[in-house]
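Take a look at the structure set out below.
The values are calculated or read from the model by the stated rules, or taken from the named source; none is laboratory data. All values reported here derive from a predicted model rather than from experimental measurement. Methodologically, a virtual Cβ is constructed for each residue, glycine included, from the backbone with ideal geometry; neighbour enumeration extends over all protein chains shown. Ligands, DNA and RNA are excluded from the accessible area calculation, which covers all protein heavy atoms including side chains. Shrake-Rupley method; radii C 1.70, N 1.55, O 1.52, S 1.80 Å.
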Amino acid sequence: MTTVEPHLTRYDTSARPGAVVLMLHGGKERGHELVDGRSLSWRRTAWMQREIARPFQEAGVSSWLLRFTRRGWNGGADRIADARAALADVRRELGDVPVVLLGHSMGARTAVHVADDANVVGVVGLAPWLPVGESVDALRGKRLHAAHGSRDRITSARATRAYVQRAAQVAVSAEFEDVGPLGHYLLRGRDRWNAVALEQTFRMLRRH
């Protein structure tokens, strides 16, 4: 299999940022195809990044979007390695700056596994993929906010709610937000999804 490196799309601040939001896009259960600029999962999160980058920049926060190397979760190890490599890039370039992980679907699943990174203060999950039995251990001492729509037919709002309840046993805070009759792909109700991303990321950084 061809070896590839994860790619970062960055909207940085003019001065040294006070924080970073690391965005993680969705994927599928299995798939070894390379993720490129044509990937719909990556493009959906890239659209969101473009729309919310300026409010972050104005507040001194850089947004970095990780493009995973492969499209599938495939057991998780490689997607987790991709995210840890991106967090290492943040630390190498910016030092101990606080990081909020903003993940959609598979990206949120990845985020809850790397939340134990020393720089991470919390996870904001949008339509997250958090199946029964998923570990909450990496959220110990961190914050979690998971938002799910009632018309999501790809991932389960019920499973997300159950995950949040388990995470509350180890996290500083764990919250579930019902965003109403929205589906999975962040397209319908785009303004609402953007608002959740901004509000909850800023909220975590204020509480840090």
Condition first: modelled with pLDDT of 95 or more, assigned to a strand (DSSP E or B) and closer than 22 Å to M48 by Cα. Can you find one or more residues in segment 149-169 that meet it? no
Would you check if there is a residue in segment 119-139 being of a type in the set (A, V, I, L, M), open to solvent by 10 Å² or more (accessible area, probe 1.4 Å) and either in contact with a Pro (Cβ under 9 Å, 6 or more places away or on another chain) or in a helix (DSSP H, G or I) (or both)? yes
Within segment 67-98, residues being under 21 Å from K142 (Cα atoms) and in contact with a Gly (Cβ under 9 Å, 6 or more places away or on another chain) number 4
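Quick check on this structure: which one of A88, A81, A108 is assigned to a helix (DSSP H, G or I) and in contact (Cβ under 8 Å) with a residue 12 or more places away in the chain?
Testing whether each residue is assigned to a helix (DSSP H, G or I) and in contact (Cβ under 8 Å) with a residue 12 or more places away in the chain leaves just A108.
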So, first residue within 23 Å of A19 (Cβ to Cβ) and in a helix (DSSP H, G or I) in segment 180-208, second residue modelled with pLDDT of 95 or more and open to solvent by 70 Å² or more (accessible area, probe 1.4 Å), Cβ within less than 7 Å, six or more apart or across chains; the pairs are N194/E51
Only one of A59, A108 is under 12 Å from P17 (Cβ atoms), at pLDDT 95 or above and in contact with a Phe, Trp or Tyr (Cβ under 8 Å, 6 or more places away or on another chain). Can you tell me which? A59
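Considering only residues that are closer than 21 Å to I52 by Cβ and open to solvent by 40 Å² or more (accessible area, probe 1.4 Å), which ones fall in segment 179-193? Before you say what the answer is, go through the steps one by one.
Looking only at segment 179-193, we keep the residues that are closer than 21 Å to I52 by Cβ, and these are 179-180, 182-193.
Passing the criteria: Y185, L187, R188, R190, D191, R192.
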